[in-house]
Amino acid sequence: MFFSRKAIKSRLNFTPSLMQIINKSKNDYFAADLRPGNKLITNSIIEAFPILSPFKIIINFLRSRLLFSNILLDSSFSNIFLKKDKDKYNLFFKRGDLLKKLRQRNFKVFKFLLSKKTILPIFKTFYPGNGADYHYFGSIPFGKKKKLSVNNNCQLNSNKNIYIVDGSIFDFKTNKYPLGIVIANSRRVGKILSR
């Protein structure tokens, strides 16, 4: 979360992306998806930190100056994986300091925004925990011939009764932040299933 020098006017109740910053280094590829503050976000802050409830009026008053960033890391940093145990898959988390990586990337974004005189010299990094911390891309590839991959109709190759329509079928590096593509593909697969 950053503090904008100027108020950001938005009448939308959801969280649209305002700007994206992409670091294209091959060794450190990431994107920052910046969104203006709104009631949905400020309510989420208070839900995550109930101790802030008495300050809800102040937080909502300042929300037009709040700029929130989702740091989108390369899929190689994914800390979540599935492992087959007998006939079922279990979800596991890799050990590693993902919070440190997120803080480092967030600090780079902070320095960039500060150099452009967009924000005040204050920011806060919030890590919601394993499973909620990462926009997963490329973990179940599209058009490959592996068990954990999908065909052209987004059917899981190892089980044709399962359709995958989230961002995991797209390669983050190729598509940057394919939210529009994910939505369009979900509608396409929905039409296929409704036939």
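The values are calculated or read from the model by the stated rules, or taken from the named source; none is laboratory data. Being a predicted model, the structure only gives us computed values, none of them experimental. Every residue, glycine as well, gets a Cβ built from its backbone with ideal geometry; the counts of neighbours run over all protein chains shown. Side chains included, ligands, DNA and RNA excluded: accessible areas come from the protein's heavy atoms. Shrake-Rupley method; radii C 1.70, N 1.55, O 1.52, S 1.80 Å.
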Conditions (1) at pLDDT below 85; (2) in contact with a Leu (Cβ under 9 Å, 6 or more places away or on another chain); (3) on the phi < 0 side of the Ramachandran plot; (4) not aromatic (Phe, Trp, Tyr): number failed by residue 176 = (3)
query = Within the range 144-168, restricting attention to residues that are part of a loop (DSSP other than H, G, I, E, B) and open to solvent by 100 Å² or more (accessible area, probe 1.4 Å), which residue is nearest to residue 195 (Cα to Cα)?
reply = 152
inquiry  = Can you pull out every residue in the range 102-132 that is open to solvent by less than 70 Å² (accessible area, probe 1.4 Å), touching a strand residue (DSSP E or B) at 6+ places or on another chain (Cβ under 9 Å) and at pLDDT below 70?
reply    = 131
task = Count, please, the residues in the range 7-25 that happen to be at pLDDT 80 or above and closer than 16 Å to residue 59 by Cα.
result = 2
query = Is the range 26-47 home to any residue that is of a type in the set (A, V, I, L, M), open to solvent by 30 Å² or more (accessible area, probe 1.4 Å) and modelled with pLDDT of 85 or more?
reply = no
